[in-house]
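Coordinate-derived values only; no laboratory data. Every value quoted in this text rests on a predicted model; they were computed, and no experiment measured them. Cβ atoms come from the backbone with ideal geometry, glycine included; neighbour counts cover every protein chain shown.
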């Protein structure tokens, strides 16, 4: 097991290097660099010379491999550099936004799991009854509802019924948990509901499959309580596919909540991503992609570990 | 009588129609006795066992008629909770596939101890000691260490031993063993059967062995019920049935098995034809199309199980008195 962990951790290095190479060179293939975008607007009179000077200032006049080495060297020191667009240090910028996005992602995941697993199990147990259909309708509705729209409904509802608006300014959790949760619970609910839909369907089908297994019949033949059969014998086996879905979705939530962030006035990673791409802010895009890639890789790593913990047949070498 | 199955019928709703897997079947088990249910795949022997345990998969499967008297109590009339207390505690079951019948993500210990913890209220250390004792009894070396392992770390034979130990955990009065050796190597099969016979004697547990293997029957069963198309077609002591089968199907089964105690015949005689489609059984005897002894009334008139010779030997065949080894030549 230890050797598996070490091996997997070491394997992350080539993966991250590949991501770094890909994002670095792909961004530079995209037409229109940051200098052109900034100085050659509709009514721009910027001369070729001033563009060259700006490129020189940003280091874009250097050969591309040299740029890559400079950036890569910074990465190794944990330094993402400064934003080409704003000039602000990226690490600083990312820290707050990452904390916020991470919190929303974690809260959404918790909400999704709390919805999905009980409902999925219930639907499986009451297969083809009204309970199953109700759960199905709820989850299909969840899939069909964009979470930003649900978020808008939440805000309207709170405003109309309670004459109250969630705080629109971010307060870190450690400063005021109440204030923080009062703001973030709404996007987390909106996202979590949507996110629970897939997980509910997955839980239901995994559970149905497991309940048909011979070992469930063995457990029943032993005279165990239904509840014990479910919690001890069925759920653990059914959780493997559900875990994968939840983990992948979690990683997506970190950078993928562009519109929902706007609805709730959150300065998360999603909006930053869009802006960075729009501005061809190379350094910022690279930093964001590296961050999200890292989270993805870590999440996958933990899923693999969890698999091994849940299913003893899986032993990694 | 320990167990009396009376007029039991179990049906399955399938796409092709209603299948009567068990059709008005009656048989019984005495205390400490080993009774065999014999027949080919799909004859209803496993469904009979599952019906006794009331584990027929709902909603497709349904027990439609009959009584299952266990120590005088009708199991079919019990509430689900009362039935739960019978399962594992008074009637235990051993399944065919020791690979899929054990939970892959729980330790052997967990799966062995939970029955005793629930039914006998044993504390975990006590049920653990008991599990160790049982594993040792079924011949698994180093049981203390084995308890911490998972099913995939056991061989097929060991898994089946463990299933037997698990079935014994609450000292039940009856064990239903559904094809307990089918998935195992021939050498292991014999070991497992010896073990089961030995343990059933030692604890005075009655056993119902479900099998298609007549060799098993001859050696280990006191009495035999031969099933065909959901019905018992012949019943008797193992000795009688083996020496003097009185139903063409039983005879066919016996002749399709190689024997070491008789001169070698040139070739085995398989039973010709296919088992009948259970959704549309004929009005008469279901074995008619495959039967060499059939007479004109067979396809239309179903024979009941009736005594042949002494009262303990029964056969459901119009020609029961003629069926026998001596007629082989005629055929």
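At 0.36 nm per residue, and after removing the present C-alpha to C-alpha distance, how many nm does the segment from residue B:126 to residue B:237 gain when stretched out fully?
On the way: separation 111, 0.36 × 111 = 39.96 nm, distance 4.07 nm.
Computed gain between residue B:126 and residue B:237 is 35.9 nm.
What percent of all Cα-Cα pairs in chain A falls into each 10 Å bin, going from 0 up to the bin containing the maximum distance? That works out to 5, 20, 25, 24, 16, 7, 3, 1, 0, in percent per bin. Remark: relative contact order (segment B:26-160) = 19 percent; criterion is Cα-Cα distance under 8 angstrom and separation of 6 or more residues. Think of it as helices only: each DSSP H run of n ≥ 4 in chain A is worth -39500 (n - 2.57), and spread over all residues that comes to -25000 deg cm²/dmol at 222 nm.
To the nearest 0.05, what FRET efficiency results for residue A:128 and residue A:161 with a Förster distance of 41 Å applied to their C-beta separation? Let's see the in-between values first.
Working: r = 37 Å, r/R0 = 0.89.
According to the calculation, E is roughly 0.65.
With N set to the number of residues, divide the alpha-carbon radius of gyration of segment A:1-142 by 2.2 N^0.38 Å and report two decimals. Intermediate results must be reported in sequence, preceding the final value.
Numbers: Rg = 24.4 Å, N = 142, 2.2 N^0.38 = 14.5 Å.
The reported ratio for this selection is 1.69.
Which number do you get for Rg(Cα) / (2.2 N^0.38 Å) in segment A:83-163? Normalised Rg, Cα atoms only: 1.63. Shielding by partners for peptide A:206-218, expressed as the average number of C-beta atoms from other protein chains within 10 Å of each residue's C-beta, is 4.
Once the Cα atoms are used to define both axes, helix B:124-137 deviates from the longest principal axis of chain B by about 50 degrees. Using the Cβ-Cβ distance between residue A:56 and residue A:91 with R0 set to 30 Å, the FRET efficiency from 1/(1 + (r/R0)^6) comes to roughly 0.80. Take each residue in B:95-101, count the other chain C-beta atoms within 10 Å of its C-beta, and the mean is 4. Computed over the Cα atoms of chain B, the ratio of the radius of gyration to the Kirkwood radius (Rg/Rh) comes to 0.99. Taking the C-alpha atoms only, the angle from helix B:108-119 to the longest principal axis of chain B is near 90 degrees. Ordered from longest to shortest, the equivalent ellipsoid semi-axes for segment A:96-279 are 36, 17, 15 Å, each the square root of 5 times a Cα gyration tensor eigenvalue.
Taken along the Cα-to-beta-carbon direction at a fixed 7 Å, the label points for residue A:16 and residue B:310 span 8.4 nm.
Note on residue A:25 and residue B:14: with the Förster distance fixed at 56 Å, the Cβ-Cβ geometry gives a FRET efficiency of about 0.40.
Starting from the Cα gyration tensor of segment A:193-262, take the square roots of the eigenvalues, sort them a ≥ b ≥ c, and report rounded, prolate or oblate (rounded when a/c is under 1.5, otherwise prolate if a/b is larger than b/c, else oblate).
Working: a/c = 3.87, a/b = 3.52, b/c = 1.10.
Prolate, since a/c reaches 1.5 and a/b exceeds b/c.
Per residue of B:44-53, what is the mean number of Cβ atoms on other protein chains within 10 angstrom of that residue's Cβ? Can you show the working numbers first?
Details: counts 0, 0, 0, 0, 0, 1, 2, 0, 0, 4.
The mean count of partner-chain Cβ atoms within 10 Å per residue comes to 1.
Using alpha carbons only, how many degrees (0 to 90, rounded to 10) separate the axis of helix A:269-278 from the longest principal axis of chain A? Once rounded, the angle reads 40 degrees.
What percent does the relative contact order of chain A come to when contacts are Cα pairs within less than 8 Å and at least six residues apart?
On the way: 332 pairs, mean separation 82.2, N = 317.
About 26 percent, as a whole number.
Among A:72-78, A:228-234, sorting by the average number of other beta carbon atoms lying within 10 angstrom of each residue, highest first, gives A:228-234, A:72-78. The relative contact order of chain B comes to 19 percent, based on Cα pairs under 8 Å that sit 6 or more residues apart.
As a ratio to 2.2 N^0.38 Å, the alpha-carbon radius of gyration for the protein assembly as shown is 1.37.
Which residues does the label zone of residue A:1 cover in segment B:139-172, counting backbone N under 15 Å from a point 7 Å along Cα→Cβ? In segment B:139-172, the label zone of residue A:1 (backbone N under 15 Å from the point 7 Å along Cα→Cβ) covers B:148-150. In terms of packing, defined here as the mean over residues of other Cβ atoms within 10 angstrom, the peptides A:164-177, B:229-242 line up highest first as B:229-242, A:164-177. Geometric descriptor of segment B:1-85, per residue, is 93 Å³ (volume of the convex hull of the Cα atoms).
Rg/Rh for segment B:23-72 stands at 0.96; both radii use Cα atoms, and Rh follows the Kirkwood definition.
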